[in-house]
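One structure is given here, and the rest of the page talks about it.
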Amino acid sequence: MNWGSFSAFLHMGGYGFYVWSSFGLSFALFALELLFLSKRRRTLLKRLSQIQKMNASRGSK
Amino acid sequence: MGKINWYKYASPASFYGLAGKMIPGFAALSIVFFVVGLYIGFFVAPTDAQQGEAYRIIFIHVPAAWMSMFIYIVMAVYSGIGLAFNTRLSAMMAQALAPTGALFAFIALFTGSFWGKPMWGTWWVWDARLTSQLILFFLYVGYISLQAAIDDPRRSDRASALIALVGVINVPIIYFSVKWWNTLHQGASISFTKAPTMAYTMLAGMLFMAIACWMYTIAVALYRVRLIILERERHSIWVSELLTEGLR
Amino acid sequence: MKPRHKKLAFIGAGVAGIAVIVALVMNAFRSNLVFFFTPSQVIARQAPVDRAFRIGGLVEKGSLKRENDGLTVHFVVTDTKHDMNVTYKGILPDLFKEGKGVVAQGRLNADGQFVADEVLAKHDENYMPPEVANELKAAKADKTKL
């Protein structure tokens, strides 16, 4: 075990700011990419179902 | 074992289904490897004699830098196949990889910056390694904006494939920059020609994180390629059938 | 935004991106591929005289001297063949140590001293726990004794 206490873990031997900024920002960006992707899927599906409805109403006439 | 009909999976319609089945597995593997990699990186790997705890940035910095280079090569290969054989799916795969590649290039740059400031004493220098990595990031941005700028998919595939293929020269330049020129950036700790110059547990943490990034990339690229397939094939019969069946 | 405007914006971004790439490449190839010069190269007059440049090498052991103001330091950069005296006023990076790599940016003054305005530490690609580093050091010391 490397760390005597939780605060020592956060402190990272004085480099806490640099270490945690690097990891924090990286994982925040991963999360952001996933968020954008699911949003893109939702808007795409909405648009596709609209096209579908339009085609169906045109077909029934 | 029966022969798998690979041609079947080269068509966007059937690849759409296959990709959908593969995503959960890669996503789960990615989470597992991230957890193990972070655990080794923070709790098992010892502190570094020279750099103290600041070196732990390596566990995200190096995998991200590797991924940014590797994704670009894979993207160029898909683009090349798309250009040569006019296959729709490979062009879509190249397009699906680009944003994730750009993300990793960016992560490599800013984690490097956050490492350089406390260790070297500067956020940024224009040495050959850092400059060529920045160029890689701009190549990704150029690829993505060119793809988005041209409406006709066939033409945009061809144009962006050219950027991907020309820009691939930059990848070996990044990799060998620390050998070819005097740089502030140190040489490679892991290479094909000599034993790694890292303690064993440090190396293990880095490799686990690299595998995690791989799994993440595959899952995200498959997810994105499915969206691209739907988008591009929206007027085809199989998509409207899929929609009436109810899309999962 | 209308689709046409959006398209124009993307093309603009693309062109700007490519312009930035070209500018970076030109800049890199003009001056920065030689990121630093070694003391031997400086003595062989390969370093530019009219503008600031960087020297790199190892900080010679026992050469680091601090002035009383606590900020100004003198040290010797060596590439094991030639040495160069360096003066610097400012805060040194954490990794700056005697016997370790350093890159300093500045100019030569009339006395052949290098006056640095920026000092960067250059570390190597070896990562190991302190115990292993101490063992290596001890092993090396034993070898030199024999």
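Does B:Ala98 qualify as being within 14 Å of chain C (Cβ to nearest Cβ), buried (at least 24 other Cβ atoms within 10 Å of the Cβ) and at pLDDT 95 or above? Full working, then the answer.
Numbers: within 14 Å of chain C (Cβ to nearest Cβ): yes; buried (at least 24 other Cβ atoms within 10 Å of the Cβ): yes; at pLDDT 95 or above: yes.
Yes, satisfied.
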Over region C:97-127, the set of residues over 13 Å from the mean Cα position of the chain (by Cα) and free of Cβ contacts under 8 Å to residues at least 40 places away in the same chain is C:Lys97, C:Glu98, C:Asn109, C:Ala110, C:Asp111, C:Gly112, C:Gln113, C:Val115, C:Glu125, C:Asn126, C:Tyr127
Among C:Phe29, C:Phe53, C:Phe35, the single one that is surrounded by 14 or more Cβ atoms within 10 Å (Cβ to Cβ), at pLDDT below 85 and within 14 Å of another protein chain (Cβ to nearest Cβ) is C:Phe35
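Could you list all residues from region C:68-89 that are outside any strand (DSSP E or B) and in contact with a strand residue (DSSP E or B) (Cβ under 7 Å, 6 or more places away or on another chain)?
C:Leu71, C:Asp79
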Checking A:Phe27, A:Phe6, A:Phe17, A:Phe36 in turn, the sole residue that is more than 9 Å from chain B (Cβ to nearest Cβ), without any contact (Cβ under 8 Å) to a residue 40 or more places away in the chain and aromatic (Phe, Trp, Tyr) turns out to be A:Phe6
Here, helices (runs of 4 or more DSSP H) confined to region B:136-248 with at least 2 residues that are modelled with pLDDT of 90 or more and facing chain C (nearest Cβ under 9 Å) are B:200-232
Using the structure shown, decide if B:Thr131 is of a type in the set (Ser, Thr, Tyr) and modelled with pLDDT of 95 or more.
no
Scanning region A:39-52 residue by residue, those basic (Lys, Arg) and more than 9 Å from chain B (Cβ to nearest Cβ) turn out to be A:Lys39, A:Arg42, A:Lys46
Of (1) in contact with a Pro (Cβ under 9 Å, 6 or more places away or on another chain); (2) assigned to a helix (DSSP H, G or I); (3) modelled with pLDDT under 90, A:Gly59 fails just (1)
Note on region C:65-87: residues within 14 Å of another protein chain (Cβ to nearest Cβ) and over 20 Å from C:Ser40 (Cα atoms) are C:Val73
Return yes when C:Leu95 is within 9 Å of another protein chain (Cβ to nearest Cβ), part of a loop (DSSP other than H, G, I, E, B) and touching a strand residue (DSSP E or B) at 6+ places or on another chain (Cβ under 6 Å) and no when it is not. yes
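The values are calculated or read from the model by the stated rules, or taken from the named source; none is laboratory data. Predicted model, so just to flag it, every value in this text is computed and none were measured. Don't worry about glycine lacking a Cβ; one is built from the backbone with ideal geometry, like all the others, and counts go over all protein chains shown.
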